[in-house]
Amino acid sequence: MPDILIVGAGPTGLWLALELRSAGLEVTVVEKNATRDIRSRAAAMAAGSLETFATRGIEQRFIDAGKPIRSVHFGSHPTRLQMSRETLGVKNPHSLMIAQAITEKLLVDIAEERGVKFIFGHAATGLIQDVDNVTLEFEAEGGKKSRLTAPWLIGCDGTRSVVRNLANFEYPGIDGFITGWLVDVLVTDPPPHPISVTNKSGAFLVQHLGYKDYYRVTGVDTKTMGLPPSAVPTLEDAKKFAIQGVGRDFGMHSPLWASRFSNTTRLATNFRDGRIFIAGDAAHQFFPAGGQGITTGLQDASNLAWKLAAVAKGRITGSKAEDLLNSYSTERRCALELIIKSTLAQTALLTADAEPLASLSEIFYELLGHPELNKMWVRRITGFGDRFPVKKEGQDPLIGARVTHLEVQGGFEALHSAMSVDTFILVVRDEKLEGVLREHTSPWVAHIKYFSPSDNINAFGSQWDGIDAALIRPDARVAWVWRSSFPNEQLGASISNVLGDLCQEV
């Protein structure tokens, strides 16, 4: 019997499988499709996703397969959000154009190398949950029925999630009321860089697909945005939209794929029901503005994996286990509520073809040129600016933030190589605290990697001002901080309480 069952072999399910397998758990993934479709809904990997892969040492495979981009759009405006080491504070301060199908193939290859088991060509049809296990019923294309039982099951099976429906998760939201269009094509007159524009005809974007020589051409046309998703654009439609947007059609030809998509927006009220979880598009759906779909799914997986591993391996039990697992839904829903607001705002900007919304959008786009606002939005769009719930009064603003602008031993590599799904990182910047912290964290020494002042700690972001020590979770988020203004007599109890709740009971 596997320890974990995952339904769905998209990026979210694959990353979750890899993380849980790296914790020593037996993982089986059930996927309805027998073969992978090269047509890709997503064409980009945000810098935040690339950093997630860097924390496990696999990012170079994706960099080698994609094309770096150092700016992203907000609402398709030409004033793009600029990525840099200073702004993002990571090893690879850029996003990638890489087709989702390629991302998935690379993840499958790595997962198979590490012992994840796959059952392709089988669709989930039923769920039975009891106190100790979940049984998944599934059916092959030829009609053969099978069952598998495991202590835990996660549905990562997309917006039409069978797991979500079978387990009766509530999935409220807004039905789509506009549609965008896309085509993946070859071009004879390629643009020298990604293009994003808005005008009275709508929004238009073109950039390399990250697959062979194809380009992703997409946008929202105000005259046709009322069409249903079934009204797939033709090559001639795409050429017309391009001419409306930028005055030329780039010599588009030989379409690989064309599609129309809506702005349906939904967020599950809870991501957990007992031993069943949902993640990625199974838990949330929104307009693909800014390419945040894969980013949010990978962060769901990263958030859940270390918590589920700690509980599945018996390090955290009882009410603390319940609290830890429930925090997955609380934390991710908080982040996604803000992300959804961002995509809804971009939808409004994309379709602002009349007053007063047209004037509002013009003023907003002007603000994107302000350096500090540009930095704030590029961090949000690329996956570094997630909102985190305030769990207690006086909570430090750094709690829950992704770890950036932090180098040890001369770079990012040493920090990355120390990270794993069952390892916490303790960074101590004040040598006077080191002895006390080592003493009080000794019960958890098997799950902690220490970095002390002798490791040449370079905290080069303002968020680290006044921080003498920080504990980093396995998903590379801040779990605990100690500021120079705090009373040192409380130091030992403070760090012990956090590790007892998050890492292992002692």
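The values are calculated or read from the model by the stated rules, or taken from the named source; none is laboratory data. What you are looking at is a predicted structure, and each value in this text was computed from that prediction instead of being measured. Positions of Cβ are generated from backbone atoms using ideal geometry, with glycine treated the same way; all protein chains shown enter the neighbour counts. To get the accessible areas, we keep the full protein, side chains included, count just its heavy atoms, and leave off ligands, DNA and RNA. Shrake-Rupley method; radii C 1.70, N 1.55, O 1.52, S 1.80 Å.
Applying the selection to segment 22-41, what residues are closer than 30 Å to G142 by Cα and either hydroxyl-bearing (S, T, Y) or surrounded by 23 or more Cβ atoms within 10 Å (Cβ to Cβ) (or both)?
Start the filter on segment 22-41 by keeping residues that are closer than 30 Å to G142 by Cα, which leaves 26-41.
Those that are closer than 30 Å to G142 by Cα and either hydroxyl-bearing (S, T, Y) or surrounded by 23 or more Cβ atoms within 10 Å (Cβ to Cβ) (or both): V27, T28, V29, V30, E31, T35, S40.
Among the candidates T330, T296, single out the residue that is at pLDDT 95 or above and touching a Leu at 6+ places or on another chain (Cβ under 8 Å).
T296
With F250, F261 as the choices, which residue is part of a loop (DSSP other than H, G, I, E, B), surrounded by fewer than 24 Cβ atoms within 10 Å (Cβ to Cβ), touching a strand residue (DSSP E or B) at 6+ places or on another chain (Cβ under 9 Å) and among the aromatic types (F, W, Y)?
On the way: F261 fails: part of a loop (DSSP other than H, G, I, E, B).
Unique residue meeting the criteria: F250.
Would you call A479 under 30 Å from L16 (Cβ atoms) and surrounded by 14 or more Cβ atoms within 10 Å (Cβ to Cβ)?
On the way: under 30 Å from L16 (Cβ atoms): yes; surrounded by 14 or more Cβ atoms within 10 Å (Cβ to Cβ): yes.
Spelling it out, A479 is indeed under 30 Å from L16 (Cβ atoms) and surrounded by 14 or more Cβ atoms within 10 Å (Cβ to Cβ).
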Out of all the residues in segment 447-473, which are in a loop (DSSP other than H, G, I, E, B) and in contact with a strand residue (DSSP E or B) (Cβ under 6 Å, 6 or more places away or on another chain)? S452, I457, G466, R473
Out of all the residues in segment 381-395, is one or more more than 21 Å from the chain's Cα centre (by Cα), within 22 Å of F74 (Cα to Cα) and touching a residue at least 60 places away in the same chain (Cβ under 8 Å)? no
Only one of these conditions is not met by S494: (1) over 20 Å from V403 (Cβ atoms); (2) surrounded by 13 or more Cβ atoms within 10 Å (Cβ to Cβ); (3) not basic (K, R). Which number is it? (1)
Considering V378, V427, which residue is open to solvent by less than 10 Å² (accessible area, probe 1.4 Å) and outside any strand (DSSP E or B)? V378
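Within segment 482-506, can you find the residues that are hydroxyl-bearing (S, T, Y), within 12 Å of L433 (Cβ to Cβ) and outside any helix (DSSP H, G or I)? Steps first, answer last, please.
We begin by selecting, within segment 482-506, every residue hydroxyl-bearing (S, T, Y); these are 484-485, 494, 496.
Checking the rest, the ones that are also within 12 Å of L433 (Cβ to Cβ) come to 484, 494.
Of everything in segment 482-506, just one residue is hydroxyl-bearing (S, T, Y), within 12 Å of L433 (Cβ to Cβ) and outside any helix (DSSP H, G or I), namely S484.
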Which members of segment 310-334 meet the condition of being in a helix (DSSP H, G or I), among the charged types (D, E, K, R) and open to solvent by less than 60 Å² (accessible area, probe 1.4 Å)? E331, R332, R333
Give the residues of segment 402-421 that are open to solvent by 30 Å² or more (accessible area, probe 1.4 Å) and more than 21 Å from A309 (Cα to Cα), sorted by residue number. Q409, G410, E413
Which condition breaks for V436 when tested against (1) over 28 Å from E59 (Cβ atoms); (2) surrounded by fewer than 14 Cβ atoms within 10 Å (Cβ to Cβ)? (2)
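For every residue, the table says whether it meets (1) without any contact (Cβ under 8 Å) to a residue 60 or more places away in the chain; (2) within 21 Å of R477 (Cβ to Cβ).
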position: G247; (1), (2): yes, no
position: G251; (1), (2): no, no
position: L256; (1), (2): no, no
position: S259; (1), (2): no, no
position: A268; (1), (2): no, no
position: G291; (1), (2): no, no
position: A309; (1), (2): no, yes
Working only within segment 88-115, note down all residues that are polar (S, T, N, Q) and either open to solvent by 10 Å² or more (accessible area, probe 1.4 Å) or on the phi > 0 side of the Ramachandran plot (or both). N92, Q100
Starting from segment 454-468, keep only residues that are closer than 21 Å to F384 by Cα, then list their pairs with residues that are among the acidic types (D, E) and assigned to a strand (DSSP E or B) whose Cβ atoms are within a distance under 6 Å, requiring at least 6 positions of separation or different chains. N458/E407
Restricting attention to segment 58-74, and to residues there that are in contact with a helix residue (DSSP H, G or I) (Cβ under 8 Å, 6 or more places away or on another chain) and closer than 21 Å to I110 by Cβ, which single residue is most open to solvent (accessible area, probe 1.4 Å)? R61
In segment 335-367, how many are crowded, with 17+ Cβ neighbours inside 10 Å and either at pLDDT 90 or above or part of a helix (DSSP H, G or I) (or both)? 13
